[in-house]
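Report on the following structure.
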Amino acid sequence: MANNRYEKLFDPNRFNTDPSVKKFVKENANAAKHYVAGKLEWTRTKPEDLGNDEAAHVRIKGRKTGAYRDLNGQLYLVDTTCTHMGCEVEWNDGDRTWDCPCHGSRFHYDGSVIEGPATQPLKEVEHHG
C-alpha cells in the first residue's frame, strides 16, 4: 500500500507540547480561579466600620468596593475590578496597596497605577453617607 501524503498530518503522535504551554495553561487557570473567587466573595463591612489606616472590601449599592481610610480619616473608595483583565484586587496591608493576584498589577490606595500590566487606574466610587 502506498504512503498517504496526509499520513503525518493525521498521526496522533504528531503533536509535542512545548513546556512553556503547560506553564501558560497553569498560570491562566490560577488567574481564572482568582477571577471567579473574587467575584463571588461577599462582605458585610461598611465604610463607616473602618478606622484610620484601615482598608477592606465593602458593599456600596450592592457592589464590591475597595475602601481605605488614611491616617487623617480621609476615605478613598475604588472599584476593586482590575483594569487589566477584570480580576478582583486584594488589599496588601504591608505596602498599603491594592494588588491583583492574577497578573501582578499594583495600585495606590486611591486607585492610581503603581505598576502594570494595568495602565488605567481603578475607578473611583462615589459614596454619600
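The values are calculated or read from the model by the stated rules, or taken from the named source; none is laboratory data. All of these numbers come straight from a predicted model, not from anything done at the bench. A quick note on method: Cβ atoms are made from the backbone with ideal geometry, for glycine too, and the neighbour counts reach across all protein chains shown.
Among the numbered conditions (1) surrounded by 14 or more Cβ atoms within 10 Å (Cβ to Cβ); (2) outside any strand (DSSP E or B); (3) free of Cβ contacts under 8 Å to residues at least 40 places away in the same chain, tell me where residue 91 comes up short. All conditions are met except number (2). Among the residues making up the stretch 102-113, those that are buried (at least 17 other Cβ atoms within 10 Å of the Cβ) and part of a loop (DSSP other than H, G, I, E, B) are 102, 105, 109, 111. Here the stretch 59-74 is the region considered, the condition is being at pLDDT below 85 and part of a loop (DSSP other than H, G, I, E, B), and the residue that is surrounded by the fewest Cβ atoms within 10 Å (Cβ to Cβ) is 62. In summary, residue 110 fulfils each of the numbered conditions (1) within 13 Å of the chain's Cα centre (by Cα); (2) touching a residue at least 24 places away in the same chain (Cβ under 8 Å) with the single exception of condition (1).
Residue by residue, here is whether (1) modelled with pLDDT under 80; (2) surrounded by 10 or more Cβ atoms within 10 Å (Cβ to Cβ); (3) over 25 Å from residue 111 (Cβ atoms) holds:
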{"position": "3", "(1), (2), (3)": "yes, no, yes"}
{"position": "22", "(1), (2), (3)": "yes, yes, yes"}
{"position": "33", "(1), (2), (3)": "yes, yes, no"}
{"position": "36", "(1), (2), (3)": "yes, yes, no"}
{"position": "39", "(1), (2), (3)": "yes, yes, no"}
{"position": "47", "(1), (2), (3)": "no, yes, no"}
{"position": "53", "(1), (2), (3)": "no, yes, no"}
{"position": "82", "(1), (2), (3)": "no, yes, no"}
{"position": "86", "(1), (2), (3)": "no, yes, no"}
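Among the residues of the stretch 114-129 satisfying the criterion of being in contact with a strand residue (DSSP E or B) (Cβ under 6 Å, 6 or more places away or on another chain) and crowded, with 17+ Cβ neighbours inside 10 Å, which is nearest to residue 47 (Cα to Cα)? Per the criteria, the residue is 125.
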